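The structure appears right after this line, and notes come after that.
The values are calculated or read from the model by the stated rules, or taken from the named source; none is laboratory data. Please read all numbers here as calculations on a predicted model, not as lab measurements. Note that we place each Cβ from the backbone using ideal geometry, even for glycine, and neighbour counts take in every protein chain shown.
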């Protein structure tokens, strides 16, 4: 399931290379909802993969996430960023904007 939002153009998108943001979720997971809320606030366009009850999708996610099986799992330009707490830590440090190709 893709989430589409028209947001402010980042320096990466201005260069023609918008960041590829992906998030693996469960529908009613509070951490997933919180992580998506941060991405929404930042007007990030992302692809959401709901893996509720899909063992194969969870296995594929775990391979990409270096063995992590908890949700959410966030990837930016194929880099495993981690879960909700990790995403918010990147936001607090300012590194999330850098990963998204944006200026602080």
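Some notes on this structure:
- If you go through segment 18-74 and keep only what is more than 19 Å from residue 96 (Cα to Cα), part of a loop (DSSP other than H, G, I, E, B) and without any contact (Cβ under 8 Å) to a residue 40 or more places away in the chain, you end up with 27, 28, 51, 52, 53, 54, 66, 67, 68, 69, 70.
- If the condition is being more than 12 Å from residue 24 (Cβ to Cβ) and part of a loop (DSSP other than H, G, I, E, B), then segment 75-103 contributes 77, 78, 94, 100, 101, 102, 103.
- Looking at 47, 70, just one residue is at pLDDT 95 or above, surrounded by 13 or more Cβ atoms within 10 Å (Cβ to Cβ) and closer than 10 Å to residue 23 by Cα, and that residue is 47.
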